[in-house]
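Note sheet for the following structure.
The values are calculated or read from the model by the stated rules, or taken from the named source; none is laboratory data. Since this is a predicted model, take the numbers as computed values, not measurements. No Cβ is skipped: glycine too gets one built from the backbone with ideal geometry, and neighbour counts run over all protein chains shown.
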Amino acid sequence: MLTIKRTNSDNTDFHLLVSKLDKDLLDRYGALQDYYSRFNSIKDLPAVVMAYYDGQPVGCGCFKQFDDGSVEVKRMYVSPEERGKGIGAAILAELEKWAAELKVASIVLETGNNQPEALHLYQKMGYTVIPNYDQYSGMETSICMKKELV
């Protein structure tokens, strides 16, 4: 049975899954991942969502403040053996619900061109491609997206 839980970045299961995410991204992007890693700190994040299947951690995601009216989704991950079961969509839906409760107007995110499953999920959930922002400007492997909540 799938369970979705709100927590924060002190959660040890979150750290476990983020280490798997980092390995996955390194496999996909090689040395280029060193550039991206510096934007992925998981320290002091108050909004983390964990997914558990039969009590085992299988997915995670979080958001952090982006600007006055927006948050940025970060560290989305679902274990490879659990992909295709709607877990990523459940995590993202919970993050959106949480952001809406905080009166956030929109959500932005960055994904990469070597993550077609992530791109498919975000498009399915109503995110649209926007110009690359901030540190992702000019990065050919980056795809930035946005969804209005209000």
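Here are a few things to note about the model shown:
- Evaluation of Gly88 against (1) touching a Leu at 6+ places or on another chain (Cβ under 7 Å); (2) part of a strand (DSSP E or B) (one fails), failing number: (2)
Table: residues versus (1) part of a loop (DSSP other than H, G, I, E, B); (2) of a type outside the set (Asp, Glu); (3) in contact with a Pro (Cβ under 9 Å, 6 or more places away or on another chain).
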residue	(1), (2), (3)
Ser9	yes, yes, yes
Ser19	no, yes, no
Asp22	no, no, no
Gly30	no, yes, no
Tyr35	no, yes, no
Ala51	no, yes, yes
Met76	no, yes, no
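- Scan of region 87-126 for residues that are without any contact (Cβ under 8 Å) to a residue 40 or more places away in the chain, farther than 17 Å from Tyr77 by Cβ and touching a Lys or Arg at 6+ places or on another chain (Cβ under 7 Å), ordered by number: Gly126
Yes or no, residue by residue, for (1) in contact with a helix residue (DSSP H, G or I) (Cβ under 9 Å, 6 or more places away or on another chain); (2) modelled with pLDDT of 95 or more; (3) not charged (D, E, K, R):
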| position | (1), (2), (3) |
| --- | --- |
| Gly69 | no, yes, yes |
| Ala89 | yes, yes, yes |
| Ala93 | no, yes, yes |
| Lys97 | no, yes, no |
| Lys103 | no, yes, no |
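- Across region 127-150, the number of residues qualifying as outside any loop (DSSP other than H, G, I, E, B), free of Cβ contacts under 8 Å to residues at least 24 places away in the same chain and either hydrophobic (A, V, I, L, M, F, W, C) or at negative phi (or both) comes to 3.
- Within the set Asp34, Asp54, Asp44, Asp13, the sole residue that is within 14 Å of Tyr77 (Cβ to Cβ), of a type outside the set (Gly, Ala, Ser) and out of contact with any Asp or Glu (no Cβ under 7 Å at 6 or more places or on another chain) turns out to be Asp13.
- Candidates Lys43, Lys5, Lys20, Lys64: the one that is surrounded by 13 or more Cβ atoms within 10 Å (Cβ to Cβ) and more than 22 Å from Lys85 (Cα to Cα) is Lys64.
- Checked against the criterion of being among the hydrophobic types (A, V, I, L, M, F, W, C), more than 21 Å from Thr12 (Cβ to Cβ) and in contact with a Gly (Cβ under 6 Å, 6 or more places away or on another chain), the candidates Leu121, Leu32 yield just one match: Leu121.
- Of all residue pairs spaced 6 or more apart or on separate chains, those with beta-carbon atoms under 8 Å, a first member in region 5-18 that is within 18 Å of Ala89 (Cα to Cα) and a second member that is in a helix (DSSP H, G or I) are Arg6/Glu94; Arg6/Trp98; Thr7/Phe14.
- When residues in region 57-109 are screened for being β-branched (Val, Ile, Thr) and touching an Asp or Glu at 6+ places or on another chain (Cβ under 6 Å), 2 of them pass.
- So Leu32, is it among the aliphatic types (A, V, I, L, M), surrounded by fewer than 18 Cβ atoms within 10 Å (Cβ to Cβ) and in contact with a Ser or Thr (Cβ under 7 Å, 6 or more places away or on another chain): yes
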